[in-house]
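Each remark here refers to the structure printed beneath this line.
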Amino acid sequence: MEPVADGGGTGLTPGLEAAWGLRERPAKGPRPGLSVHRIVDVAVALAASEGLAAVSMGRVAKKLGASTMSLYRHVGSKDELYVLMLDAAIGAPPDPPPPGTGWRDALARWAWAQREMFQRNLWALHVPVSGPPVTPHSVAWWEAGMAAMADTPLDEGAKVSVVLLLGGFVRNETRVMADIAAAAAATGDTPEQVMGRYGRTLRLLADPGRYPAVARALESGIMDGPGDPDDEFRFGLARLLDGVQVLVERQRG
């Protein structure tokens, strides 16, 4: 994303400066009511109803009854619009946990809250990650994750790495499960029917002599039903936090 070209000093584009409340680019031309916030609101509504791929500067301009070029006076590019849309969608992080909450529980709360946010805005999972947090809400989520580890002996670099690790896990797991659910819904069958059909097909294909581990899993019946949709997230998050706990204990030792 290109920096501000007029010497604004923050290194941000005018649209991102507006997101921080540092400026609102003056409207020009016949649309004095056009603003970054109006543009972003319309783009978010479009993404929520039709998916991220439906968002273009032209489509947003048409919804606003404005020319496409007029949008560029407020938002420099579609990539910048995506960043602003994501910031609007994620909103502020939840309130800090009660005093005395351990770092592990605090990080778990942070991860679950982020997952719930993405589940409400599945289109946001398709916004490319183009750099470190640079918008107000994304920095607030970063702050909340870092603050959860305030009482640990981890240095600041390790804390940043933990936030990146957990954030990446949340995005990936939520997107994979959403894609699987969407694919199942497209068949018109229930999740139970989809998984049952998958198990039967794999039993025919997976020769126990060649795939003994997979065969054992199939025989256990674990693949015969969809299970609790939260199970995989709960398991993966717990294992990641186990690893962080080892690091914390090593530093204390």
Per residue, how much accessible area does segment 31-163 show when a 1.4 Å probe rolls over the protein heavy atoms, in square angstrom?
-> 48
Under a GNM of the chain (C-alpha, springs under 10 Å), which listed residue has the highest mean-square fluctuation: 101, 13, 174?
-> 101
Each residue of segment 127-132 in order: what ³J(HN,Hα) in whole Hz does its phi give by Karplus 6.51 cos²θ - 1.76 cosθ + 1.60, θ = phi - 60°, with x for Gly and Pro?
-> 6, x, 7, 9, x, x
Could you pull out which residues in segment 221-253 have an amide N less than 13 Å from a spot 7 Å beyond the Cα of residue 198, following the Cα-Cβ vector?
-> 222-229, 232
With every protein chain in place, the accessible area of residue 137 for a 1.4 Å probe, in Å² rounded to the nearest 10, comes to 60
With the dipole of the chain defined by +1 on each Lys or Arg Cβ and -1 on each Asp or Glu Cβ, the option from 114, 206, 46 whose Cα lies farthest towards the positive pole is 46
Which one, (1) 17.7, 51; (2) 22.6, 73; (3) 20.3, 63, gives Rg and Dmax of the Cα atoms in Å as derived from the coordinates shown?
-> (2)
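In the chain, what percent of the accessible surface is made up of carbon and sulfur (1.4 Å probe, ligands and nucleic acids excluded)?
Details: 8200 of 14250 Å².
About 58 percent, which is the carbon plus sulfur part of the accessible surface.
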Assign one of three labels to segment 200-253, namely rounded, prolate or oblate, based on the Cα gyration tensor with a ≥ b ≥ c the square roots of its eigenvalues; rounded applies when a/c is under 1.5, prolate when it is not and a/b is larger than b/c, and oblate otherwise.
-> oblate
Solvent exposure ordering (accessible area, 1.4 Å, most first) of 62, 78 | 62, 78
In order through segment 66-73: 3J(HN,Hα) via Karplus (6.51 cos²θ - 1.76 cosθ + 1.60), integer Hz, x for Gly, Pro = 10, 7, 4, 4, 5, 5, 5, 6
With runs of 4+ DSSP H residues as the only contributors, calculate the mean residue ellipticity of the chain at 222 nm using -39,500 (n - 2.57) per run, divided by the residue total and rounded to the nearest 500.
-> -19500 deg cm²/dmol
Restricted to pairs 8 or more residues apart or on different chains, the lysines in the chain with C-alpha atoms under 26 Å apart form a number of pairs equal to 5
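Let me spell out the model: positive unit charges on the Cβ of Lys and Arg, negative unit charges on the Cβ of Asp and Glu, origin at the Cα centre of segment 136-249. What dipole size does that give, in debye rounded to 20?
Computed charge dipole of segment 136-249: roughly 500 debye.
Applying 1/(1 + (r/R0)^6) with R0 = 22 Å to the Cβ-Cβ distance of residue 45 and residue 182, what FRET efficiency is obtained, to the nearest 0.05?
With a Förster radius of 22 Å, E is 0.65.
The values are calculated or read from the model by the stated rules, or taken from the named source; none is laboratory data. Predicted model only: the values in this text are computed from it and were never measured. Positions of Cβ are backbone-derived with ideal geometry, glycine not excepted, and every protein chain shown enters the neighbour counts. Surface accessibility is based on the protein's heavy atoms, side chains included, excluding ligands, DNA and RNA. Shrake-Rupley method; radii C 1.70, N 1.55, O 1.52, S 1.80 Å.
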